[in-house]
Ligand code: UDX
Ligand code: ADP
């Protein structure tokens, strides 16, 4: 039986892979092909060892792969055969030239637009999935339609709101699906095609539509608001440490106000991930472009507090460990930017590891899913670092443990045994406030949580 529609996704990463797997899983009537320039990535998607760790992803891929879900490197063929093309190539922060460190690097995205134009033989609906600065859909349309062609390209914005570690849940049962389109008759028509795809499993009232720029901006603003909550509570954690208050008690009291809500108020060593910093800096860049200095400064403050929080964590370690870390073995519990992912992009652990190495500490890094990425991130950093699978073995002989990631397994380790094997005095810096601080203190540890008084034996 022929498929009702041919859907292509360009970019088989954290966004494209799971999103397309879910569409294929929910809509057997569509053929979904995911292409990428990286043949190794495609080979992994076609193997039992998927290139990303995401709870529940294996089952979804296994159910649809070979049936109506295909991973391939044949970009040209993929473009020619499809009528809807999702673009989810990487758009990291620029590292060079104008806007370096701030603006989005659009080279992969630009190349993709040109490939679509080059290989297309029929009309297409193009769906922006990558996080992009506002008004890139318009730029995409300009690239696509500038050539001498009778083809018609309708560009839609459909930002992803999935969080790593819960991507499958977020895709299966999203809070909302946002689709931005041109308000012309063609734009609305293209939008309705995408609405119909999602409506296969998402309740209609959760599929919202808007103009294309509102949609693009909403993505940046949603992430800026989430990150702002974390920076807000992290800024208060610094005050709590001085004022003998407990940031978890404060967050609980504040979050119980239904107007505020309880989520995203966990003080931490800082937020990471591929989106928050990038999206806020994008927002700041746009505001500066429009000469809205106060607005830009306001949002930049969210990133600044995040940098401050990481630096504060390091300086506190240095100070309480007698102002020298040289030659001391320090164990990092976790390297991923959060639990349930092997992703380490923008993980606070990267900066903290590098700073500890600058202080000439010897690092031992453990993480259930991210050791490979940690090695990549620290390639070329000068200093002594080893990687150990088992957290109890990793901590042996160390003066300190610093919890970087809230992996639940760290809550239930045999800390009595760990304490026995560590150098004394033994320190724990709980960058995620996940451990039982009182119990650890009673075992002999000197415990330094985030945003509450330390428990020491000095
Ligand atoms: C985020 C958004 O949540 C998602 O909607 C968007 O599509 C992509 O960006 P993600 O980066 O996967 O998702 O992770 P998220 O769960 O938002 O966590 C980001 C960072 O904030 C992590 O480092 C996490 O540990 C940290 N965090 C989160 C805190 O420090 N405290 C909190 O209370 C919550
Ligand atoms: P994200 O988190 O946004 O999904 P990733 O880096 O995980 O980002 O994935 C982006 C993917 O896009 C990578 O696998 C990369 O190889 C792929 N990619 C980049 N440029 C192109 C291109 N021109 N054609 C096809 N795939 C591309």
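Among the residues of this structure, residue 313 counts as one that is within 30 Å of residue 103 (Cβ to Cβ), in the same structural domain as residue 352 (by TED's automatic domain parsing) and in contact (Cβ under 8 Å) with a residue 60 or more places away in the chain.
Inclusion of residue 60 among residues that are within 15 Å of ligand 2 (Cβ to nearest atom) and modelled with pLDDT of 95 or more is not warranted. State yes or no: is residue 60 farther than 30 Å from residue 217 by Cβ and not in a loop (DSSP other than H, G, I, E, B)? The answer is yes for residue 60. Residues that are out of contact with any strand residue (DSSP E or B) (no Cβ under 8 Å at 6 or more places or on another chain) and closer than 21 Å to residue 80 by Cβ within the stretch 39-68 comprise just one, 39. Just to be sure I understand the filter: pairs with C-beta atoms under 8 Å, separated by 6 or more residues or on different chains, first member in the stretch 407-418 and in contact (Cβ under 8 Å) with a residue 40 or more places away in the chain, second member outside any loop (DSSP other than H, G, I, E, B). Which pairs pass? Pairs found: 407/333; 409/391; 410/333; 410/391; 410/403. Here residue 193 meets each of (1) at pLDDT 95 or above; (2) within 28 Å of residue 341 (Cα to Cα) with one exception, condition (2). Counting only residues that are within 14 Å of residue 170 (Cα to Cα) and either free of Cβ contacts under 8 Å to residues at least 60 places away in the same chain or outside any helix (DSSP H, G or I) (or both), the stretch 18-32 holds 1 of them.
Let's see how each residue does on (1) within 16 Å of ligand 1 (Cβ to nearest atom); (2) within 20 Å of residue 26 (Cα to Cα); (3) in the same structural domain as residue 284 (by TED's automatic domain parsing); (4) at pLDDT 95 or above:
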| site | (1), (2), (3), (4) |
| --- | --- |
| 126 | no, no, no, yes |
| 135 | no, no, no, no |
| 146 | no, no, no, no |
| 160 | yes, yes, no, no |
| 183 | no, no, no, yes |
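For the stretch 80-97, the criterion of being assigned to a helix (DSSP H, G or I) and at pLDDT 95 or above is satisfied by at least one residue. Being touching a helix residue (DSSP H, G or I) at 6+ places or on another chain (Cβ under 8 Å), part of a strand (DSSP E or B) and crowded, with 19+ Cβ neighbours inside 10 Å is a property that does not hold for residue 70.
For residue 168, the criteria (1) surrounded by 19 or more Cβ atoms within 10 Å (Cβ to Cβ); (2) out of contact with any helix residue (DSSP H, G or I) (no Cβ under 7 Å at 6 or more places or on another chain); (3) in a helix (DSSP H, G or I) hold in every case but one, which is (2). Apart from one condition, residue 178 fits all of (1) away from ligand 2 (no atom under 15 Å from the Cβ); (2) assigned to a helix (DSSP H, G or I); (3) touching a strand residue (DSSP E or B) at 6+ places or on another chain (Cβ under 8 Å); the exception is (2).
Here's the yes/no breakdown for (1) at positive phi; (2) away from ligand 2 (no atom under 16 Å from the Cβ); (3) outside the structural domain of residue 165 (by TED's automatic domain parsing); (4) in contact with a strand residue (DSSP E or B) (Cβ under 9 Å, 6 or more places away or on another chain):
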position: 347; (1), (2), (3), (4): no, no, yes, no
position: 357; (1), (2), (3), (4): no, yes, yes, yes
position: 363; (1), (2), (3), (4): no, yes, yes, yes
position: 373; (1), (2), (3), (4): no, no, yes, no
position: 378; (1), (2), (3), (4): no, yes, yes, yes
position: 391; (1), (2), (3), (4): no, yes, yes, yes
position: 400; (1), (2), (3), (4): no, yes, yes, yes
position: 404; (1), (2), (3), (4): no, yes, yes, yes
position: 412; (1), (2), (3), (4): no, yes, yes, no
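Can you tell me which residue is surrounded by the most Cβ atoms within 10 Å (Cβ to Cβ) among those in the stretch 314-348 that are within 12 Å of ligand 1 (Cβ to nearest atom) and within 16 Å of residue 234 (Cβ to Cβ)? The residue in question is 347.
Yes or no: the stretch 100-114 includes at least one residue that is away from ligand 1 (no atom under 16 Å from the Cβ), at pLDDT below 90, surrounded by fewer than 20 Cβ atoms within 10 Å (Cβ to Cβ) and over 19 Å from the mean Cα position of the chain (by Cα). Yes, the conditions are met somewhere in the stretch 100-114.
Can residue 117 be described as more than 16 Å from ligand 2 (Cβ to nearest atom), more than 24 Å from the chain's Cα centre (by Cα), free of Cβ contacts under 8 Å to residues at least 40 places away in the same chain and surrounded by 14 or more Cβ atoms within 10 Å (Cβ to Cβ)? Spelling it out, it is not the case that residue 117 is more than 16 Å from ligand 2 (Cβ to nearest atom), more than 24 Å from the chain's Cα centre (by Cα), free of Cβ contacts under 8 Å to residues at least 40 places away in the same chain and surrounded by 14 or more Cβ atoms within 10 Å (Cβ to Cβ). Picking from residues in the stretch 208-265 that are outside any helix (DSSP H, G or I) and within 20 Å of residue 430 (Cβ to Cβ), the one that is farthest from the chain's Cα centre (by Cα) is 244.
The values are calculated or read from the model by the stated rules, or taken from the named source; none is laboratory data. The structure displayed is predicted, hence computed values, not measured ones. Neighbour counts run over all protein chains shown; Cβ positions are idealised from the backbone, glycine included.
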